[in-house]
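What follows is a single structure, written as structure tokens, with notes after it.
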Amino acid sequence: MTKLTLLCLPYSGASAMVYSRWRRKLPDWLQLQPVELPGRGARFGEPLQTDMRQLALQLAREQRASLRAPYALFGHSLGALLACEMAHALRSLGCPEPVALFASGTAAPTLRSEYDRAFADLKTDEELIDRLRTLNGTSEEVLANRELMSLTLPVLRADFLLCGRFHPVERAPLQCPVHVLGGKDDRATTEQLIGWSRETRGSFSVDMLPGGHFFIHEHEAKVLRMIKDHLEVHRRRHAQASALTV
């Protein structure tokens, strides 16, 4: 049976551990591989990055040695932008493209001028906490915990700069399918989500789920089912294509 690796990129302020529970909820043929970013989790001692393309290239170089096709990329919010940049970085290093790119919970790279303008400048701790509050993903108890916030806010500040200072560049689109997931009550509009279609010459889809920005946790079972169903199709196609080239 052909196995497929799913590289998962975290959202702003998060560690790769946000995806760890997915591992036991996915089929055996789908091997989850959360990608930890510098400055958090097991890489806490490393400097934080604020340049999206430099970070994507760093991660691509780290993953290249052990990465085997077929693989797919998934990212939510910041992670979606980073997953897209990582696909391009891997291609530039001579790696095959992913069988699919999943972009979740954020506007397309070419439609971000208004979306990310508020993140382009350094924010105070109070501004960052207010932003966390509006996303409804962090409890008031956690927000009031000064010790925990002292660890979280530097990561969040760097991640907001990653998004706010990101600018799309002219380049050849990807060839792989792009699947977009959005929350019906999230900030990203339908137009901004559909804009992801410009990133590929392959097939494209948009799936909307109930919930706000963190719909991937609110409706985890639905999200995993969508990912699994899409990748089941791509895995079979990859196996058929590989058999024809033997």
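The values are calculated or read from the model by the stated rules, or taken from the named source; none is laboratory data. Note that the coordinates shown come from a computational prediction; the quantities given were computed from them, not determined experimentally. Here Cβ is always computed from backbone atoms with ideal geometry, including for glycine, and neighbour counts include all displayed protein chains.
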Practice item. Quick one: in region 200-246, of everything that is in contact with a helix residue (DSSP H, G or I) (Cβ under 6 Å, 6 or more places away or on another chain) and in a helix (DSSP H, G or I), which residue is surrounded by the fewest Cβ atoms within 10 Å (Cβ to Cβ)? Key: Leu224
Exercise for review: Please name all residue pairs, on different chains or six or more residues apart, with Cβ atoms under 8 Å, provided the first residue is in region 79-90 and is touching a residue at least 40 places away in the same chain (Cβ under 8 Å) and the second residue is surrounded by fewer than 24 Cβ atoms within 10 Å (Cβ to Cβ) and acidic (Asp, Glu).
Suggested key: Cys84/Glu199; Ala87/Glu97
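Per-residue answers, yes or no, for (1) aliphatic (A, V, I, L, M); (2) modelled with pLDDT of 95 or more; (3) surrounded by 14 or more Cβ atoms within 10 Å (Cβ to Cβ):
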position: Arg61; (1), (2), (3): no, yes, no
position: Ala65; (1), (2), (3): yes, no, no
position: Leu82; (1), (2), (3): yes, yes, yes
position: Ala100; (1), (2), (3): yes, yes, yes
position: Ala103; (1), (2), (3): yes, yes, yes
position: Leu111; (1), (2), (3): yes, no, yes
position: Asp116; (1), (2), (3): no, no, yes
Check your understanding: Could you list, in sequence order, the residues of region 24-35 that are part of a loop (DSSP other than H, G, I, E, B) and closer than 13 Å to Phe74 by Cα?
Key -> Val35
**Study point:** Among (1) buried (at least 19 other Cβ atoms within 10 Å of the Cβ); (2) among the aliphatic types (A, V, I, L, M); (3) part of a helix (DSSP H, G or I), the one test that Ala188 misses
**Key:** (3)
Check your understanding: Residues in region 86-96: is at least one modelled with pLDDT of 95 or more, under 20 Å from Gly182 (Cβ atoms), under 19 Å from the mean Cα position of the chain (by Cα) and not polar (S, T, N, Q)?
Key -> yes
Exercise for review: Answer yes or no as to whether Ala69 is at pLDDT below 95, of a type outside the set (S, T, N, Q) and assigned to a loop (DSSP other than H, G, I, E, B).
Suggested key: yes
**Study point:** Residue count for region 164-184, restricted to those that are surrounded by 14 or more Cβ atoms within 10 Å (Cβ to Cβ), in a loop (DSSP other than H, G, I, E, B) and either touching a residue at least 60 places away in the same chain (Cβ under 8 Å) or among the charged types (D, E, K, R) (or both)
**Key:** 4
